[in-house]
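Peer 1: Sharing a structure with you now.
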Amino acid sequence: MRKTSSFVNGTLLALTVGLILLGVIMVLSSSQSAFSKSLDSNVYENMGKQLIWFSVGLAALRFFSSTDYNVWERYSRPLMLLTVLLLGLVFLFPEVNGARRWIPIAGQKIQPSEFAKITIVIYLSSVWADRRDRLQSFVNGVLYPMLFVGIALALILLEPAHSTTFFIGLIALTIWFVAGGRLLHLAPVFGAMTIVIVAAIYTKPALFKRILAFLHPEEHKSDKYYQVWQSLIGFAHGGLWGKGLGEGNVQTPFSETDFIFSTMGEELGFIKCSLVLVAFLLLIWIGYAIAIRCRNPFGSLLAAGCTTAIGVQAALNVAVVTGSIPTTGIALPFFSYGGSSLLVSMSLVGLLMSVAKDAFDEELEQPRRRARAVA
């Protein structure tokens, strides 16, 4: 059985490192595009920073994979409290591009909303593993556990980061559903989400214009919402086999971050991009297999949450750049330029690898260790 977990973790590590290295190459290629050159920037700067964060991410992956994941159940509530404090701390710093999402530390910008993905997954997995028998009650099983998460989501929404708020909300719903939540309880949740989304659209004209640009991209190809139009042109130019690395010339803003997959579509083509999607699907399949196999309720929910965080984020990003949904500003895991995003994605894989040791090595299974007795 031990060999089974080694094979599973080895496959996860190979997929992760392979996707990241390809992502680093694409960050360099995106920096060489005509749009990036017009900014008179060093084309190797972003790649160098991404490699540094890759090194940090490897250390984080090693740390989380070698640490017994049951430890995080013990510290889930303090971690959630720390996350809320950090999300509130961002409002003490000046705006960057009209938003307050970053905390400057030692010359680097840390984005607490990215790390909230990890802590919220850990927190909800811990709470609902303890409250599985209470999930039949909306107040005790859903409302009380979601108070902290609701505060965190409200702070992220105020940054503003609408897409991140929606994304983390989806992760929370997935963990709740896997834990055994009642579908009847979804009605008030979806009702509240609908009210928030409609209110945001009516109070934020930029969100409404994003929807219009999604519905009629050809009518917005000359204004600041032309990313989707340019992205579709990039995929069309790439064809089946692509134009070659560094040969892309479609000027898509944020080509090294949110729209890096459209750069891949132009330079690598449909076939290679499809292989990348297959790699993501394989990683997600392994992650859910770990969640299903793990007998520890906390470990099962943790693996499902980590897998969902990676899978849904990848799906949303690909959907945006292919014009399937309105622009969200969600990064592509392992590929998009950004230290916080890469570090969080690798940490999630590390947690998956830790749970896999319990899921596939029966002799390593241990009873759940709780910091406090279940009320």
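Peer 1: Can you give me the angle between helix 227-238 and the longest principal axis of the chain, using Cα atoms only, in degrees from 0 to 90, rounded to the nearest 10?
Peer 2: Compared with the principal axis, the helix lies near 80 degrees.
Peer 1: For the chain, what is the charge dipole size about the Cα centre, in debye to the nearest 20, if Lys and Arg each add +1 at the Cβ and Asp and Glu each add -1 at the Cβ?
Peer 2: Working: 29 positive and 22 negative charges, 192 e Å.
In debye, rounded to 20, the chain gives about 920.
Peer 1: Something else: Taking the alpha carbon gyration tensor of the chain, what are the square roots of 5 times its eigenvalues, largest first, to the nearest whole Å? List each step's numbers first, then the result.
Peer 2: Numbers: eigenvalues 230, 127, 73 Å².
The equivalent ellipsoid of the chain has semi-axes of 34, 25, 19 Å.
Peer 1: Please list, in order along region 161-169, the HN-Hα scalar couplings obtained from phi with the Karplus expression 6.51 cos²θ - 1.76 cosθ + 1.60 (θ = phi - 60°), rounded to whole Hz, x for Gly and Pro.
Peer 2: 9, 4, 5, 5, 4, 4, 5, 5, x
Peer 1: Roughly speaking, what is the centre-to-centre gap between region 136-172 and region 261-318 when only Cα atoms are used, to the nearest Å?
Peer 2: Using only Cα atoms to place each centre, the spacing works out to 23 Å.
Peer 1: If the only charges are +1 at each Lys and Arg Cβ and -1 at each Asp and Glu Cβ, what is the size of the charge dipole of region 206-307 around the Cα centre, to the nearest 20 debye? Spell out each step's value before the answer.
Peer 2: On the way: 8 positive and 8 negative charges, 95 e Å.
In debye, rounded to 20, region 206-307 gives about 460.
Peer 1: Of Y337, S347, V178, which is farthest towards the positive pole of the chain's charge dipole, taken about the Cα centre with +1 and -1 on the beta-carbons of Lys, Arg and Asp, Glu respectively?
Peer 2: V178
Peer 1: Rounded if a/c is under 1.5, else prolate if a/b is larger than b/c, else oblate: which is region 163-288, with a ≥ b ≥ c the root eigenvalues of its Cα gyration tensor? Numbers along the way, then the final one.
Peer 2: Numbers: a/c = 3.37, a/b = 1.37, b/c = 2.46.
Judged from the Cα gyration tensor, region 163-288 comes out oblate (a/c at least 1.5, b/c at or above a/b).
Peer 1: Normalised by the number of residues in the chain, what is the relative contact order in percent for Cα pairs under 8 Å and 6+ residues apart?
Peer 2: On the way: 535 pairs, mean separation 106.3, N = 375.
Across the chain, relative contact order equals 28 percent.
Peer 1: Along Cα→Cβ, 7 Å out, is where each label goes; now give me the distance between the ones at T11 and Y288 in nm to one decimal.
Peer 2: 1.5 nm
Peer 1: Looking at V27, I284, H237, which one has the Cα that reaches farthest to the positive end of the dipole of the chain (charges on Cβ: Lys, Arg +1; Asp, Glu -1)?
Peer 2: So the residue furthest toward the plus end is I284.
Throughout, read-outs are computed from the coordinates displayed, never taken from laboratory work. Fair warning: this is a prediction, and the values are worked out from it, not measured in the lab. Counting neighbours? That spans all protein chains shown, and the Cβs are built from the backbone with ideal geometry, glycine included.
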